[in-house]
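Enquirer: A single structure is presented below for examination.
Values in this text are rule-based calculations from the coordinates and carry no lab data. Since this is a predicted model, take the numbers as computed values, not measurements. Note: ideal-geometry Cβ built from the backbone for every residue, glycine included; neighbour counts use all protein chains shown.
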């Protein structure tokens, strides 16, 4: 049986990076923070600090595919930056289709009656949580199917 590891989920945008982490068992995702992007080196430095503090062993990055499933220019930007992050952090990288995660995060925050100002501060962290939770649920389902 594989040893449990903590996984970090990222929602990478042009202005911010939403960050979420899994529990050690890989069952649940928790929103951690939103990094305001400034430079590639500072962004990666912030992520490295999180990886070291939380003992992260894998990255999952949301891919912002178009609604029809095709990849636009933003997907290529996210893939390129993600691969640079993974190389510097020396972590395995997985991608997860993030279509509608921001919409789901926005809906959840609206239902919780969170103000527009507060929503703007946490939406990317919540989206990263949805990305990571989707990935974790998928892995859990694969394990369930593999059991005899």
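Enquirer: Provide the packing ranking of 46-53, 14-21, 123-130, i.e. peptides ordered by the mean count of other C-beta atoms within 10 Å per residue, highest first.
Expert: On the way: 46-53: 15.1, 14-21: 20.9, 123-130: 25.9.
The most tightly packed comes first, giving 123-130, 14-21, 46-53.
Enquirer: Give the percent of DSSP beta bridges with both residues in the chain that are antiparallel, rounded to the nearest 5. List each step's numbers first, then the result.
Expert: On the way: 12 of 22 bridges.
For the chain, the DSSP antiparallel bridge percentage is about 55.
Enquirer: In a solvent-free Debye calculation with one equal scatterer on each Cα, what is log10 I(q)/I(0) for the range 19-67 at q = 0.24, 0.26, 0.30 Å⁻¹, listed in the order of the q values?
Expert: For the requested q values the scattering log ratios are -1.03, -1.13, -1.27.
Enquirer: Grab the DSSP H runs of the chain that are 4 residues or longer, score each as -39,500 (n - 2.57), total them, divide by all residues and round the 222 nm result to the nearest 500 deg cm²/dmol.
Expert: Numbers: 4 runs with 74 residues, N = 148.
That calculation yields -17000 deg cm²/dmol at 222 nm.
Enquirer: Same structure, new question: How much length would be gained if the chain were fully extended between residue 140 and residue 120, taking 0.36 nm per residue of separation minus their Cα-Cα distance, in nm to one decimal? Could the numbers behind the result be given before it?
Expert: Details: separation 20, 0.36 × 20 = 7.20 nm, distance 3.11 nm.
Full-extension gain reported as 4.1 nm.
Enquirer: At residue 39 and residue 108, where each label point lies 7 Å from the Cα along Cα→Cβ, what is the point-to-point distance in nanometres?
Expert: 3.4
Enquirer: If one computes the Cα centroid of the range 1-56 and of the range 61-115, what distance in Å separates the two points?
Expert: Here the two parts' Cα centres lie 13 Å apart.
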